[in-house]
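A.B. asks: Dumping the structure here so I can ask a few things about it.
The values are calculated or read from the model by the stated rules, or taken from the named source; none is laboratory data. Small disclaimer: the values here were computed from a predicted structure and weren't measured. Every residue, glycine as well, gets a Cβ built from its backbone with ideal geometry; the counts of neighbours run over all protein chains shown. Each accessible area value is taken on the protein alone, full model and side chains, heavy atoms only, with ligands, DNA and RNA left out. Shrake-Rupley method; radii C 1.70, N 1.55, O 1.52, S 1.80 Å.
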Amino acid sequence: MSAKSQQDNPAADAGPAKQFDVIIIGAGMSGMYQLHRLRELGLSVRVFEAGDGVGGTWYWNRYPGARFDSESYSYGYSFSEELLQEWEWSEHFSAQPETLRYLNFVADKFDLRRNIQFGSRVKSATYDEAGICWNVELEDGDNARARFLITAVGPLSAPTMPNIKARDSFRGESFHTGTWPHEPVDFTGKRVAVIGTGATGVQTIQEVAKTAGHLTVFQRSPNYCAPLHNSPIEAASQREIKASYPQIFAKCRASHGGFIHKADHRGALEVSPEEREAFLEKLYGEPGFGIWIGNFRDMFTDQKANDAVSEFIIKKIRARVKNPKVAEKLIPRDHGFGTRRVPLETNYYEVYNQDNVLLVDLNEAPIQRITPTGIETSAAVHEFDIIIHATGFDAVTGSFDRIDIRGEAGQKLKDKWADGPRTYLGLQIGGFPNLLTLVGPHNAATFCNIPRCIEQNVEWVTDLLRHVRDNDIKRVAPTLEAEDAWTEHVYQTAAALLFTKVDSWFMGINPNVPGKDKRTFLLYAGGAPAYREKCDEVAANGYEGFLLQ
Ligand code: NA7
């Protein structure tokens with residue numbers, strides 16, 4: 001790889017060959033940071049980004065109510081002390097516009113845009129065995145080559161529309177939350193439908209209910225939600241946060257999921273019922289994911305422990321929703337608390353006490369079709385001005401499936417992963433040399449306060465590429481033994497967890513995507529510290545499990 005710095009030579013990209021040391025797909029949080037780090041190594045880098053701006057998830061997900069469930073100050077990049085001191089989060093859980101402003105601020109501060117080609121969706125990536133490089137083709141026909149290809153495509157970036165009959169016949173306005181328009185949408189006085197009650201649906205519903213003339217929520221599966229308890233960051237807290245970043249990030253580093261929350265050392269049934277109640281009440285009253293991640297240590301492994309916590313949340317739902325029949329519909333029956341992603345909410349349950357809100361339980365009255373004027377269920381016809389699809393994503397592998405990625409001997413990545421992902425460390429794939437997957441399947445970053453693990457991924461990949469550059473290595477690929485062992489380890493680590501007994505995007509289930517109907521754990525649940533240790537050990541042992549040629 002060339003050691004000539006693009007910073008020294010800004011015209012390096014302008015050559016006719018469109019040849020780079022590294023191509024990165026995606027200018028979200030991981031792609032931006034990876035670009036910054038590789039430029040420091042003096043490599044020529046081109047980022048292809050489908051959107052017209054930086055930010056990835058925070059660029060696309062502009063739906064009403066979109067915000068962090070992570071504490072803002074635990075979410076930003078930690079690599080630059082100057083950045084940490086310059087940026088001020090206004091709320092403990094920042095809303096999407098602020099996060100997007102932050103990412104634009106980062107792009108400006110580190111002058112990232114000059115190596116990013118916007119409005120450029122990658123259509124295919126093909127490994128050239130003779131040339132030991134990747135050919136990347138864009139949807140507009142443009143193409144480029146690079147020795148290394150890094151995917152920074154995000155785990156939740158392939159939105160899926162519901163497979164409902166005549167979906168496109170609706171003549172009013174309709175949106176998917178993950179491709180929300182850049183212009184504000186006015187709900188005042190409008191008849192609005194929301195399909196879907198995952199983390200996104202919950203945030204959308206509680207916001208739209210404030211102004212809609214009438215809101216109808218179409219719910220197939222309720223989720224256990226818990227209060228976010230957001231608030232502004234006052235000046236004194238701001239000073240305190242800025243003074244304690246090292247401690248905040250140390251806390252995140254030590255925790256299983258990169259959050260400031262850490263599981264309690266006690267089992268749920270080891271304490272008296274009074275103690276349990278008091279602890280759960282405390283967590284329910286605190287901001288953020290404490291109730292999910294800082295709960296009793298056995299909540300994810302012991303059904304009885306999990307039942308005890310679920311019962312507590314069910315009691316809260318019953319207390320907050322005035323109509324008992326509606327409350328019962330909002331209580332999950334097919335899984336326990338925390339075994340699917342817990343939506344954090346602000347007055348979500350109280351929305352159902354409003355006169356202008358109707359909950360339609362699709363288990364009682366399934367949707368038959370979308371019509372030009374609304375949605376028809378088996379029980380009624382509902383007329384709307386606006387339909388919002390909060391129907392989620394083809395998670396983790398979906399964003400890979402949407403690119404035609406072909407490795408050695410023309411093997412398609414989609415075929416290789418037909419029965420579930422196989423990777424080494426969630427970072428490389430056998431038969432796909434020189435391809436590195438940030439936040440890829442079976443990578444701890446998928447099950448993490450993502451930026452914390454993104455930084456680990458990026459820094460590890462940067463070290464690898466420094467080693468490659470310094471040792472004139474041309475080809476990096478995992479051994480199949482290393483890939484088999486890691487894949488086995490991923491499934492073994494997950495086996496005891498209650499997550500794996502439940503349908504969710506964690507398990508690769510998406511009824512709207514053909515073939516995504518078998519439970520396959522897509523994440524890595526061994527924890528961020530263990531993952532980091534393993535990655536460091538692999539590097540310290542001369543990149544054990546990788547063939548470097
Ligand atoms: P999720 O969590 O996958 O939720 C999607 C929701 O849409 C969920 O309630 C689905 O019901 C519902 N859905 C999907 N298709 C249909 C159809 N055809 N009919 C009715 N309802 C449907 O996606 P989110 O965007 O909320 O959250 C994804 C992640 O983004 C989240 O975990 C955060 O980490 C950020 P189902 O449960 O399948 O019955």
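A.B. asks: In a Debye calculation with equal point scatterers on the alpha-carbon sites of the chain and no solvent, what is log10 I(q)/I(0) at q = 0.07, 0.08 Å⁻¹?
C.D. replies: The calculated log intensity ratios at q = 0.07, 0.08 Å⁻¹ are -0.41, -0.53.
A.B. asks: A further question follows. With a cap of 11 neighbouring Cβ atoms within 10 Å, and only residues DSSP puts in a loop, list the trypsin sites (Lys or Arg not before Pro) found in segment 456-549.
C.D. replies: Within segment 456-549, the qualifying trypsin sites (Lys or Arg not before Pro) (loop, at most 11 other Cβ atoms within 10 Å) are 518.
A.B. asks: What percent do you get for the relative contact order of segment 194-389 when only Cα pairs under 8 Å and 6+ apart count? Walk me through the numbers before you get to the answer.
C.D. replies: Numbers: 269 pairs, mean separation 62.4, N = 196.
After rounding, I find 32 percent.
A.B. asks: What distance in nm lies between label points placed 7 Å from Cα along the C-beta direction at residue 470 and residue 319?
C.D. replies: 5.8
A.B. asks: Can you give me the % of accessible surface on the chain that is carbon or sulfur? Probe 1.4 Å, all protein chains present, nothing else counted.
C.D. replies: 50
A.B. asks: What nm distance separates the two modelled labels at residue 167 and residue 278, each placed 7 Å from Cα along Cα→Cβ?
C.D. replies: So the label points at residue 167 and residue 278 sit 5.1 nm apart.
A.B. asks: Let me ask something else about it. At q = 0.14, 0.26 Å⁻¹, what is the log10 ratio I(q)/I(0) for segment 321-404, with the Debye formula run over Cα points and no solvent?
C.D. replies: Ignoring solvent entirely, the Cα scatterers give -0.74, -1.33.
A.B. asks: If a cysteine in the chain has no other Cys Cβ under 4.7 Å from its own Cβ, put it on the list, ordered by number.
C.D. replies: Lacking a cysteine Cβ partner under 4.7 Å: 133, 225, 252, 535.
A.B. asks: Can you work out the FRET efficiency for the pair residue 183 and residue 364, with r the C-beta to C-beta distance and R0 = 25 Å, to the nearest 0.05?
C.D. replies: Working: r = 36 Å, r/R0 = 1.45.
Here the calculated transfer efficiency is 0.10.
A.B. asks: Another question, then. Which is the longest part of the chain that has none of the GluC sites (Glu not before Pro) sitting in a DSSP loop with at most 16 other Cβ atoms within 10 Å?
C.D. replies: 365-543
A.B. asks: Ok, one more. Would you please give the residues with an amide H less than 5 Å from that of residue 215, counting only those at least 5 places away or on a separate chain, with H modeled from the backbone geometry?
C.D. replies: HN-HN under 5 Å from residue 215: 192, 357, 358.
A.B. asks: Can you pull the percent of Cα pairs in segment 194-389 with separation above 27 Å?
C.D. replies: Every Cα pair in segment 194-389 considered, those over 27 Å come to 39 percent.
A.B. asks: While we're on this one: What list of ³J(HN,Hα) values in whole Hz, one per residue of segment 308-318 in order, does the Karplus curve 6.51 cos²θ - 1.76 cosθ + 1.60 (θ = phi - 60°) give from phi, with Gly and Pro shown as x?
C.D. replies: 5, 5, 4, 4, 4, 5, 4, 4, 5, 4, 4
A.B. asks: Counting only heavy atoms of protein chains, what accessible area per residue, in Å², does segment 194-389 have with a probe of 1.4 Å?
C.D. replies: 43
A.B. asks: Using 0.36 nm per residue of separation minus the Cα-Cα distance, give me the extension gain between residue 210 and residue 234 in nm, one decimal.
C.D. replies: 6.1 nm
A.B. asks: Okay, next question. Report the full-extension gain for the segment residue 354 to residue 307: residue separation times 0.36 nm, less the Cα-Cα distance, to one decimal in nm. Walk me through the numbers before you get to the answer.
C.D. replies: Numbers: separation 47, 0.36 × 47 = 16.92 nm, distance 3.00 nm.
Length gained, residue 354 through residue 307: 13.9 nm.
A.B. asks: Moving on. So how much slack lies between residue 245 and residue 130, counting 0.36 nm per residue of separation and subtracting their Cα-Cα distance, in nm?
C.D. replies: Taking 0.36 nm per residue and subtracting the Cα distance, the gain is 36.6 nm.
A.B. asks: Also, quick follow-up: Quick one: work out the % antiparallel among DSSP beta bridges in the chain, nearest 5.
C.D. replies: 40
A.B. asks: Compute from the Cα atoms of segment 6-142 the Rg and the Dmax, the latter being the longest Cα-Cα distance, and quote both in angstrom.
C.D. replies: 16.4, 53
A.B. asks: As I understand it, the dipole of the chain uses +1 on the Cβ of Lys and Arg and -1 on the Cβ of Asp and Glu, about the Cα centre. Which of 465, 247, 48 lies farthest toward its positive end?
C.D. replies: Ranked along the dipole, the leading option is 48.
A.B. asks: On to the next question. If amide H atoms are built 1.01 Å from N in the plane of the peptide, which residues on other chains or at least 5 residues away come under 5 Å of the amide H of residue 123?
C.D. replies: It is 137, 138, 139, by chain and number.
A.B. asks: Excluding residues on the same chain fewer than 8 positions from residue 18, give the lysines whose Cα lies under 28 Å from its Cα.
C.D. replies: 4, 109, 123, 412, 414, 474
A.B. asks: Right, here's the next one. In segment 194-389, what percentage of the DSSP-assigned beta bridges are antiparallel, given to the nearest 5? Display every interim value, and only then the final one.
C.D. replies: Details: 7 of 19 bridges.
If I count the DSSP bridges inside segment 194-389, around 35 percent turn out antiparallel.
A.B. asks: Per residue of segment 412-424, in order, report the coupling 6.51 cos²θ - 1.76 cosθ + 1.60 (Karplus, θ = phi - 60°) as ³J(HN,Hα) in whole Hz, putting x for Gly and Pro.
C.D. replies: 3J(HN,Hα) across segment 412-424, in whole Hz: 7, 4, 4, 5, 4, 9, 4, 9, x, x, 10, 8, 10.
A.B. asks: Okay, next question. Classify segment 121-248 from the C-alpha gyration tensor, please: rounded if a/c falls under 1.5, else prolate or oblate depending on whether a/b exceeds b/c.
C.D. replies: Oblate, since a/c reaches 1.5 and b/c is not below a/b.
A.B. asks: Taking loop as defined by DSSP and a crowding limit of 14 other beta carbons within 10 Å, which trypsin sites (Lys or Arg not before Pro) in segment 148-183 fit?
C.D. replies: Answer in residue order: 165, 171.
A.B. asks: Taking the Cβ-Cβ separation of residue 495 and residue 333 as r and a Förster radius of 22 Å, what is the calculated FRET efficiency to the nearest 0.05? Mind dumping the intermediate values first?
C.D. replies: Working: r = 24 Å, r/R0 = 1.09.
Given R0 = 22 Å and the Cβ-Cβ separation, E is 0.35.
A.B. asks: Quick one: angle between helix 96-109 and the longest Cα principal axis of the chain, in degrees between 0 and 90, rounded to 10, please.
C.D. replies: It is inclined by approximately 20 degrees.
A.B. asks: Please state the shape class of segment 419-462: rounded when a/c is under 1.5, otherwise prolate if a/b exceeds b/c and oblate if not, all from the C-alpha gyration tensor.
C.D. replies: oblate
A.B. asks: Oh, and also: As I understand it, the value is the acute angle between the Cα axis of helix 450-470 and the longest principal axis of the Cα atoms of the chain; what does it come to in degrees, rounded to 10?
C.D. replies: Tilt relative to the chain: about 10 degrees.
A.B. asks: Got the relative contact order for the chain handy, in percent, Cα pairs under 8 Å and 6 or more residues apart? Don't skip to the end; give the middle numbers.
C.D. replies: Details: 1116 pairs, mean separation 103.9, N = 549.
Worked out over the chain, it gives 19 percent.
A.B. asks: How many angstrom lie between the C-alpha centres of segment 373-438 and segment 240-268?
C.D. replies: 32
A.B. asks: Distance between the C-alpha centers of segment 306-368 and segment 20-90? Whole Å please.
C.D. replies: Between the Cα centres of segment 306-368 and segment 20-90 lies a distance of 35 Å.
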